[in-house]
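Step one of this worksheet: look at the structure below.
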Amino acid sequence: MSNATNDDKIQQTKPWGDASRSLVNQIEAGSKDCMSCRIVGSGTFAGVGIYALTKSRAAAPGTPGQKRIIGGLGIALLVGSVIRWYQ
């Protein structure tokens with residue numbers, strides 16, 4: 001007979017540890033990412049956003065509607081980069 005509680009047994013059997021917490025619990029706990037995670041995440045969003053904006057320029061192939069969609073996606077990714085940095 002073990003003195004481990006039920007939560008300890010569950011924790012020991014789950015290889016992913018805290019990943020089992022729900023998103024709401026993580027938000028309420030105020031979980032923050034490390035600085036390198038924010039740098040990589042923000043840089044990725046910004047890089048893909050800039051790439052999308054360059055593909056929506058006037059000289060790029062595609063219809064004007066497609067270019068608007070890609071341009072909107074690029075702006076959304078740049079905004080996501082800023083949001084990711086400050087969270």
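The numbers here are math on the coordinates, done by the rules we state, and not lab data. The shown structure was predicted, so the numbers you read here are calculated from the model rather than taken from an experiment. Because the Cβ atoms are built from the backbone with ideal geometry, glycine has one as well, and the counts that use them run over all protein chains shown.
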Seminar exercise, completed: The ³J(HN,Hα) series, computed from each phi in segment 56-63 with the Karplus coefficients 6.51, -1.76 and 1.60 at θ = phi - 60°, rounded to the nearest Hz and given as x for glycine or proline, is 9, 5, 5, 7, 6, x, x, 7
Exercise. Excluding A76 itself, what net charge comes from residues whose Cβ is under 13 Å from its Cβ, given Lys and Arg +1 and Asp and Glu -1?
Worked result: +2
For this session: Provide the gained length on full extension for the span W85 to R38, in nm with one decimal, where the gain is 0.36 nm per separating residue minus the Cα-Cα distance.
Result: 16.4 nm
